[in-house]
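See structure below.
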Amino acid sequence: MKDANTSTTAGQPEWLRVKEACDYSRLTKAKLYDLMNRGHLRFSSLKEDGQSKGTRLIHFPSLRHFIESRASGGPSTPTLP
C-alpha cells in the first residue's frame, strides 16, 4: 500500500491533503470538495468505522489533469527561446 508521501514523477507526491491541494491549485476548500463530490477529482477518504470525520486525500495527478483539461490558449508546455 502506498502512503501519502509516495512520489510520482519529478518527486511530486501522489496524494495531497486538501490544504495542500488548495495551496497548489489556488482553489478554495469548498471548490475542491465540490469537485470531489461531483466526480471530477479522484480522492481517498481515510476514516475508521464509527468515525464521523476522516482525512481526505486528493490524487495529485487527477488535480493536475483537471486543471490542464480546462486550460486554453498557448502551448501546453512552455517553450524556451
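FYI, it's all coordinate maths here, none of it is from the lab. These numbers were taken from a predicted model, which means no experiment stands behind them. Positions of Cβ are generated from backbone atoms using ideal geometry, with glycine treated the same way; all protein chains shown enter the neighbour counts.
Things to note:
- With respect to the stated conditions, Leu16 is crowded, with 16+ Cβ neighbours inside 10 Å, touching a helix residue (DSSP H, G or I) at 6+ places or on another chain (Cβ under 6 Å) and either on the phi < 0 side of the Ramachandran plot or basic (Lys, Arg) (or both).
- Of all residues in segment 24-81 being more than 26 Å from Ala10 (Cβ to Cβ) and hydroxyl-bearing (Ser, Thr, Tyr), the one that is surrounded by the fewest Cβ atoms within 10 Å (Cβ to Cβ): Ser52
- Contact map, segment 9-23: first residue among the polar types (S, T, N, Q), second residue surrounded by 10 or more Cβ atoms within 10 Å (Cβ to Cβ), Cβ cut-off under 7 Å, separation 6 or more or different chains; pairs are Gln12/Phe60.
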